[in-house]
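So the structure is just underneath, and the comments pick up after that.
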Amino acid sequence: MKKFARDLPHFLTLFGILFAGFIGFTLFSYDKGFQIAVAIATASSYVIWGVMHHFLHKDLHFETFIEYLAVAILGLTILFSLVIRG
Amino acid sequence: MSVVKTLVHLFLPHESNNQKAKILHSSSLWLIAVFVIFSQIIISGASKVFPSVLGCASSISPEEVIRLTNEQRLQNGLNALSENSTLSSAAQAKGTDMLNKGYWAHFAPDGTSPWSFFINFGYRYTFAGENLARDFCSASDAVNAWMNSPSHKENILSPNYKEIGIGVVQGNLAGSDSTIIVQFFGARAGETVASIPVAKAQTLPSPSPVPVAALQIQSTPQPTIAATTVPEVGSASSILVSPFKTTKDVSLAVTGLLLAVLSIDLIIVRRRRIVRIGGRTLAHIAFLGMILAVVLILKAGRII
């Protein structure tokens, strides 16, 4: 719990990024191009957040970076498939 | 390895998977992404091979589009638009033209403007506008999408228009089965506009191919009624599976499964105080939770 409280500013930043991405997707639902741009920006920000977070904790490893990248790419794949299909 | 051991290996932190569910390993996540891509290729292929099974199931009626459009106008203190059969025929012809020439735009590749359909059907206007939508599964989804777009909303809520015509056509548009809705607005020449508190409409000297909802004030030349044969609105009630819905179901299943495994992982790792190298599970849950929320709100259909 103490650890989470210490990480709270980090996670609030992450939640802010994700919330902004969600709002962007909702507000610009009529513009597929913008939705794709929002998805890429959000996924990139997520990976950057992960790298920064682990760098600050001094536990950044290549495997960790790959893990964030894999989650981001998977999320992007899901969003792209829906946006393009829609 | 027994079934239980396999399931534990896949979904729970255990010695066999280095205290991290195998499905959460980076290699597995890449594999799942490849699976999503392959599922899309299969859906695309199947919708071409079996167009009567996989396609856009649509039961959109022009009357419903007009009713919903007028509902929006009335809610905003505007007069309801009356249906004009000439405008409807012109809208139908525009939709058919898009299918025949394979374009999805306000202006045809050969330069044919939306307004030429008004003129060809003998509709002399002082104000004219066009909204286009495709691949929506219901009239309400299409009207809602227009209302969410400022330029299309401006058309729907313009006090300059008196009449409306809707064309709904179905067919193959540039290789994919589509349902196109053409919404034509107009005010006939010689008619006075009931109330124009604020002139929001743009006055354009000549039609310009802008990729947004078009709105134009222009007086028509002498009407020339073209003897165009307007095809009947197609019926796609036999289509069984929507590619979009299938994609959405696959996305929900993948995201839901990963979120469930991540949540269990978060609890077990904290309880057992497992120390391991890797990303923050809570961060992954937050990111995939956002993806899940977006998947839930996404709807099929495009507008221009």
Item to check | A:Asp59 vs. criteria of a type in the set (Asp, Glu) and closer than 22 Å to B:Leu24 by Cα | outcome: yes
Next on the checklist: Checking the condition within 14 Å of chain A (Cβ to nearest Cβ), farther than 30 Å from B:Gly111 by Cβ and either exposed (fewer than 14 other Cβ atoms within 10 Å of the Cβ) or at pLDDT below 95 (or both), which residue from B:Ser52, B:Ser44 passes?
Outcome noted: B:Ser44
Item to check | When residues of the range B:19-39 are limited to those that are among the polar types (S, T, N, Q) and more than 16 Å from A:Ala70 (Cβ to Cβ), the one farthest from the other protein chains (Cβ to nearest Cβ) | outcome: B:Gln19
Checklist entry - For the range B:263-283, how many residues are outside any helix (DSSP H, G or I), of a type in the set (Gly, Ala, Ser) and without any contact (Cβ under 8 Å) to a residue 40 or more places away in the chain? => result 1
Item to check | Count of the range A:32-50 residues which are surrounded by fewer than 17 Cβ atoms within 10 Å (Cβ to Cβ) and facing chain B (nearest Cβ under 10 Å) | outcome: 1
Checklist entry - Quick one: is A:Thr26 facing chain B (nearest Cβ under 8 Å), over 24 Å from B:Arg134 (Cα atoms) and either in a loop (DSSP other than H, G, I, E, B) or of a type in the set (Ser, Thr, Tyr) (or both)? => result no
Checklist entry - Restricting attention to the range A:73-86, which residues are crowded, with 22+ Cβ neighbours inside 10 Å and within 12 Å of the chain's Cα centre (by Cα)? => result A:Leu74, A:Gly75
Checklist entry - How about the range A:55-64: which of its residues are part of a helix (DSSP H, G or I) and over 17 Å from B:Ser26 (Cα atoms)? => result A:Phe55, A:Leu56
Checklist entry - Across the range B:114-147, which residue is farthest from the other protein chains (Cβ to nearest Cβ) among those that are closer than 13 Å to B:Thr69 by Cα, at pLDDT below 90 and surrounded by fewer than 24 Cβ atoms within 10 Å (Cβ to Cβ)? => result B:Ser140
Checklist outcome for this item: Quick count over the range B:20-35, residues being under 16 Å from B:Thr6 (Cβ atoms), touching a residue at least 60 places away in the same chain (Cβ under 8 Å) and part of a helix (DSSP H, G or I), is 2
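The values are calculated or read from the model by the stated rules, or taken from the named source; none is laboratory data. Note that the structure is a prediction, hence the values are computed from the model and not measured. In this analysis, Cβ positions are derived from the backbone assuming ideal geometry, glycine residues included, and neighbour counts consider all displayed protein chains.
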